[in-house]
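Colleague: Before I ask anything, let me first share the structure, which is written out below as structure tokens.
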Amino acid sequence: MTTFEIEPGRLFVGGQWREAADGARTEVVDPSRGAVVTTVAEAGAADVDAAVRAAREAFDSGTWSGLSGRERGRILHRVAELIRENADELARLESLDVGKPISLCHAVDITNAANDYEHFAALAHSLDGAVRDTPMNALAYTRREPIGVVAAITPFNFPLILAGSKIGPALAAGNTVVHKPADETPLSALRMARLLQEAGVPDGVVNVVTGSGPVAGEALLRHRGIDKVAFTGSTAIGRHVAAVAGEALKPVTMELGGNAAHVVFEDADLEKAVGAIIKAFVFNTGQFCMGGPRLLVARPVYSTLLGILGDAVPGVPVGDPRNPETVVGPMAGEKHRKKVEEYVDLARKEGGRIVCGGERLDLDGGYYYRPTVIADLSNDSRVIQEEIFGPVLTVQPFDTEEEAIELANSTPYGLASGIQTQNLARAHRIADRLQAGIVWINDWAMLDPAVPFGGVKDSGFGREYGPEALAAYTKVKSVVVSLD
Ligand code: NAP
């Protein structure tokens with residue numbers, strides 16, 4: 001049993017809490033025990049319609065878009081403060097929902113979510129246009145205006161952060177939002193609805209509809225009252241979302257799957273690199289779009305590094321997310337663990353050598369899987385080419401820089417990438433040629449709201465964070481004033 005209250009588990013529409021129109025509810029499971037902890041309302045099309053109408057009304061009324069950027073920024077600053085003031089509760093909710101170690105929730109999810117809102121609060125002040133020099137006898141200037149009602153659809157792995165990475169810039173720019181969190185992990189979205197209201201975000205400006213992708217997500221996506229879709233999730237669903245939005249000529253941002261390569265050269269500081277390599281594939285139990293599940297190692301240090309990993313990875317603490325010593329918690333659901341098992345079985349069939357791990361960990365009925373290192377697979381193996389989204393690292397040797405680049409760029413994805421080398425010129429040379437939205441050098445997952453991120457190729461398009469994010473939530477209007 002949880003020792004704190006989870007409430008209210010209803011839909012948040014127009015500033016009011018309500019049950020789904022047909023009374024449907026869905027269960028929320030604690031992945032560390034495989035036990036139902038609560039239920040939340042399951043939205044249908046009628047509920048989504050009500051949420052979009054509330055968001056439209058709020059947008060048209062100007063209660064939010066009519067505020068100055070400075071006033072919106074002040075309220076978003078308050079949101080950041082409230083996240084920090086409620087850090088313990090939010091961390092426990094996120095841990096309970098996703099299975100993340102509670103220490104990770106504090107250090108990453110809560111800290112980043114608060115920093116992100118603060119970042120967008122500051123950007124709200126800088127929504128300026130430009131004066132353009134023309135040969136006309138006219139004053140020509142641009143204005144950046146909000147787009148309208150934003151549909152924010154988010155995945156299960158970083159619920160709080162990925163909701164904030166959409167709601168933050170959407171609100172900073174003056175839009176209103178309907179948020180559909182993943183049906184597996186809805187709890188922090190509901191808690192945030194309360195905090196946003198408490199911070200002073202007017203009713204109807206942010207609405208939360210919990211429910212399934214095929215029903216609530218689809219209804220939201222297809223609703224004619226939506227002006228923009230901000231989606232984070234798998235490439236498969238992203239393709240569908242982009243196609244539907246494209247047909248309706250709605251702008252979209254697409255943050256999709258990843259399968260990053262982590263390239264280690266023979267001149268790397270191996271002792272330091274090992275920490276980054278392990279972090280890159282076990283962080284969030286490998287359920288990390290920007291994780292580094294493909295390790296490419298220069299042949300001279302290949303055996304040494306594989307030996308170090310074989311010794312170090314079994315020592316990574318896996319277990320109860322409530323234990324502050326835990327580094328790797330359970331996977332977020334049994335379906336995710338099954339998927340990992342299928343890929344590891346496939347690796348065995350394809351001649352892969354399991355260096356360590358390769359099995360589930362039976363603990364308290366939770367969905368645990370041991371961090372796993374696999375060598376000796378060929379590059380065309382599905383285990384290397386596809387996104388596993390679990391604590392699995394494949395290791396491949398390379399002989400030349402050219403081969404490293406070719407292997408790194410050989411999957412359909414292009415979200416993140418990493419290089420370990422002491423050679424500065426090589427680091428920049430390789431970074432230039434890696435097909436990825438972000439490249440880390442000599443560490444992994446260095447993230448900050450000032451630094452834009454997003455994908456290329458099948459990892460999507462558009463950028464979250466930085467001023468780039470704000471631009472994606474505005475439309476530009478040109479005004480030309482005759483001076484005759
Ligand atoms: P997913 O299955 O694609 O789901 C993402 C969201 O889309 C969920 O809210 C889902 O609802 C909803 N959805 C499903 N079908 C829909 C439909 N027909 N119409 C509208 N919405 C629909 O992804 P996931 O398994 O939750 O998350 C893991 C994936 O997200 C991985 O591929 C990962 O790489 C990617 N990801 C990318 C980033 C990034 O920044 N690029 C960040 C995090 C995760 P339900 O939950 O109800 O199915």
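The values are calculated or read from the model by the stated rules, or taken from the named source; none is laboratory data. Source: prediction; values computed, not measured. No Cβ is skipped: glycine too gets one built from the backbone with ideal geometry, and neighbour counts run over all protein chains shown. The area values use the complete protein model at the heavy-atom level, side chains included, leaving out ligands, DNA and RNA. Shrake-Rupley method; radii C 1.70, N 1.55, O 1.52, S 1.80 Å.
Colleague: Within the stretch 171-192, track down each residue that is within 16 Å of the ligand (Cβ to nearest atom) and of a type in the set (A, V, I, L, M).
Modeller: 177, 178, 182, 187, 189, 190, 192
Colleague: Let me ask another. What number of residues within the stretch 421-443 are open to solvent by less than 40 Å² (accessible area, probe 1.4 Å), assigned to a loop (DSSP other than H, G, I, E, B) and away from the ligand (no atom under 15 Å from the Cβ)?
Modeller: 2
Colleague: Of (1) farther than 29 Å from residue 476 by Cα; (2) touching an Asp or Glu at 6+ places or on another chain (Cβ under 9 Å); (3) crowded, with 20+ Cβ neighbours inside 10 Å, residue 80 satisfies all except one. Which?
Modeller: Unmet for residue 80, out of (1) farther than 29 Å from residue 476 by Cα; (2) touching an Asp or Glu at 6+ places or on another chain (Cβ under 9 Å); (3) crowded, with 20+ Cβ neighbours inside 10 Å: (1).
Colleague: For the stretch 430-484, give me each residue that is among the polar types (S, T, N, Q) and on the phi > 0 side of the Ramachandran plot.
Modeller: 442
Colleague: Can you pull out the residues in the stretch 338-368 that are within 16 Å of the ligand (Cβ to nearest atom) and crowded, with 20+ Cβ neighbours inside 10 Å?
Modeller: Scanning the stretch 338-368 gives 340, 343, 367.
Colleague: Of 415, 483, which residue is open to solvent by 40 Å² or more (accessible area, probe 1.4 Å) and either within 16 Å of the ligand (Cβ to nearest atom) or at pLDDT 95 or above (or both)?
Modeller: Exactly one residue qualifies, and that residue is 483.
Colleague: May I ask you to list the residues in the stretch 297-330 that are hydroxyl-bearing (Ser, Thr, Tyr) and within 16 Å of the ligand (Cβ to nearest atom)?
Modeller: Answer for the stretch 297-330, where residues must be hydroxyl-bearing (Ser, Thr, Tyr) and within 16 Å of the ligand (Cβ to nearest atom): there is none.
Colleague: Go through (1) of a type outside the set (Val, Ile, Thr); (2) open to solvent by less than 30 Å² (accessible area, probe 1.4 Å); (3) within 16 Å of residue 171 (Cβ to Cβ) and name the single condition residue 105 misses.
Modeller: The number of the failed condition is (3).
Colleague: Also: Would you check which residues across the stretch 362-379 are within 21 Å of residue 290 (Cα to Cα) and either in the same structural domain as residue 101 (by TED's automatic domain parsing) or in a loop (DSSP other than H, G, I, E, B) (or both) and list them?
Modeller: 370, 371, 379
Colleague: List every residue pair whose Cβ atoms sit under 8 Å apart, with the two residues 6 or more apart in sequence or on different chains, where the first one lies in the stretch 332-361 and is farther than 20 Å from residue 278 by Cβ and among the charged types (D, E, K, R) and the second, anywhere, is modelled with pLDDT of 95 or more and in a helix (DSSP H, G or I).
Modeller: 350/382; 350/383
Colleague: Sticking with this one: Filtering the stretch 16-33 down to residues that are open to solvent by less than 10 Å² (accessible area, probe 1.4 Å) and in a loop (DSSP other than H, G, I, E, B), which residue is nearest to residue 319 (Cα to Cα)?
Modeller: Once the filter is applied, the top-ranked residue is 32.
Colleague: Where in the stretch 205-296 are the helices (runs of 4 or more DSSP H), entirely inside, with at least 3 residues that are more than 9 Å from the ligand (Cβ to nearest atom)?
Modeller: Because the criterion is at least 3 residues that are more than 9 Å from the ligand (Cβ to nearest atom), the helices (runs of 4 or more DSSP H) in the stretch 205-296 that meet it are 235-247, 270-282.
Colleague: A further question follows. Among the residues of the stretch 211-230, which ones are within 17 Å of residue 166 (Cβ to Cβ) and either β-branched (Val, Ile, Thr) or open to solvent by 10 Å² or more (accessible area, probe 1.4 Å) (or both)?
Modeller: Hits for the stretch 211-230 are 213, 223, 226, 227, 229.
Colleague: Read through the list (1) away from the ligand (no atom under 12 Å from the Cβ); (2) open to solvent by 30 Å² or more (accessible area, probe 1.4 Å); (3) outside the structural domain of residue 409 (by TED's automatic domain parsing), then give the number of the only condition that residue 474 fails.
Modeller: (2)
Colleague: Enumerate the pairs (first residue in the stretch 248-272 and open to solvent by 20 Å² or more (accessible area, probe 1.4 Å); second residue anywhere and among the polar types (S, T, N, Q)) with beta-carbon separation below 6 Å, excluding pairs fewer than 6 apart on the same chain, so at least 6 apart or on different chains.
Modeller: Once the first residue is open to solvent by 20 Å² or more (accessible area, probe 1.4 Å) and sits in the stretch 248-272, its partners that are among the polar types (S, T, N, Q) give 267/421; 267/422; 267/423.
Colleague: Are any residues in the stretch 188-204 among the small types (Gly, Ala, Ser), surrounded by fewer than 20 Cβ atoms within 10 Å (Cβ to Cβ) and assigned to a helix (DSSP H, G or I), and if so, which ones?
Modeller: Matches in the stretch 188-204: 199 only.
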